[in-house]
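Trainee: Here it is, the structure in full.
Taken together, the values in this text are just the output of simple stated rules run on the coordinates, not laboratory data. What you see is a predicted model, and the numbers here were worked out from it, not measured in a lab. Here the Cβ is made from the backbone with ideal geometry for all residues, glycine too, and neighbour counts use every protein chain on show.
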Amino acid sequence: MTEPAVKTKQTATLLKAVYKNVRMASDSILNLMPKVRDERLKNDMTVQLSAFDAFASRAAKLLGEEGVKPEEEGMMTRMSAKMGAMMNTMRDSTSTHLAEMLVEGATMGVNDMLKQMREAENSSVGESALRLARDVCAYEEKIVRDMREAYLR
C-alpha cells in the first residue's frame, strides 16, 4: 500500500471505532431511558444522547471523506445489549443504579478510546480523526465525573 492509502486505512479504522463507541452509547441511553423516573437524570441523559448523536454525525462525515460508510452494530449485538439493560434494571431501576450503569458504560468507552488512540498515535492517522477520538474520550470522562458527583455520593 502507498503511504496515503495506509493513512486512509488507519484513519478509517479509528473513525469506525469512534462511530461504534458513540452509537453503542446512544443505544444504551435509549435502552435505559424508559426506566428513568428522576427528571434531572432524564435531562442529563437527553443531553448525553444529543452529544453522542453529534459525535456520530462527525464520525460519519469524516468516514465519508475517507470514502468509507459507517457500519452499524449487528442486530444480535444490539438485541443482546437491550436484553442486558432490561435484565439489569429489572431488579433495580433506581437513579443510583442507572447512574452506575452509565458510569460503567462510559468507563468502557473511555478505555476503548484510549486503546484506539494509543494505536492511532503510533501511526499516520489524520488529525481530525484523532481530535474527534480525543473529544469523545474527554466527554465520556466528563460523564463519569458528572454522574458520580450528582448521583453516586
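Trainee: So how tilted is helix 39-65 from the main axis of the chain? Cα-based, degrees 0 to 90, rounded to 10.
Mentor: Taking the Cα atoms of the chain, the angle to 39-65 is about 10 degrees.
Trainee: Please check: in the Gaussian network model of the chain (C-alpha springs, under 10 Å), which one of M117, M76, M45 has the largest mean-square fluctuation.
Mentor: M76
Trainee: Considering only C-alpha atoms, what is the centroid distance from the stretch 83-141 to the stretch 15-60, in Å?
Mentor: 11
Trainee: Arrange the peptides 129-139, 18-28, 84-94 so that the one whose residues have, on average, the most other Cβ atoms within 10 Å appears first.
Mentor: Going by the mean number of other Cβ atoms within 10 Å, highest first, we get 18-28, 129-139, 84-94.
Trainee: Once Rg/Rh (Cα atoms, Kirkwood Rh) is worked out from the coordinates, which option in [x] 1.09; [y] 1.20; [z] 1.02 does it equal?
Mentor: [z]
Trainee: Here's another thing I want to ask about it. Counting only C-alpha contacts under 8 Å and six or more residues apart, can you give the relative contact order of the chain as a whole percent? Display every interim value, and only then the final one.
Mentor: Numbers: 155 pairs, mean separation 57.1, N = 153.
So the answer I get is 37 percent.
Trainee: Near K35, which aspartates and glutamates are there with a Cα under 18 Å away, not counting those fewer than 8 places off in the same chain?
Mentor: Cross-link targets: D27, D44, D92, E100, E104.
Trainee: Sticking with this one: Which of the pairs K16/K69; K61/K115; K82/K115; K16/K115; K16/K61; K69/K142 have their Cα atoms more than 18 Å apart in this structure?
Mentor: K61/K115; K82/K115; K69/K142
Trainee: For the peptides 110-116, 62-68, what is the packing order when you average, over each peptide's residues, the other Cβ atoms within 10 Å and list the highest mean first?
Mentor: Values: 110-116: 18.0, 62-68: 16.0.
Going from most to least packed, we get 110-116, 62-68.
Trainee: Report ³J(HN,Hα) in whole Hz for each residue of the stretch 137-151, in order, from the Karplus equation J = 6.51 cos²θ - 1.76 cosθ + 1.60 where θ = phi - 60°; Gly and Pro get x.
Mentor: 4, 4, 5, 5, 5, 5, 4, 4, 4, 5, 5, 5, 5, 7, 10
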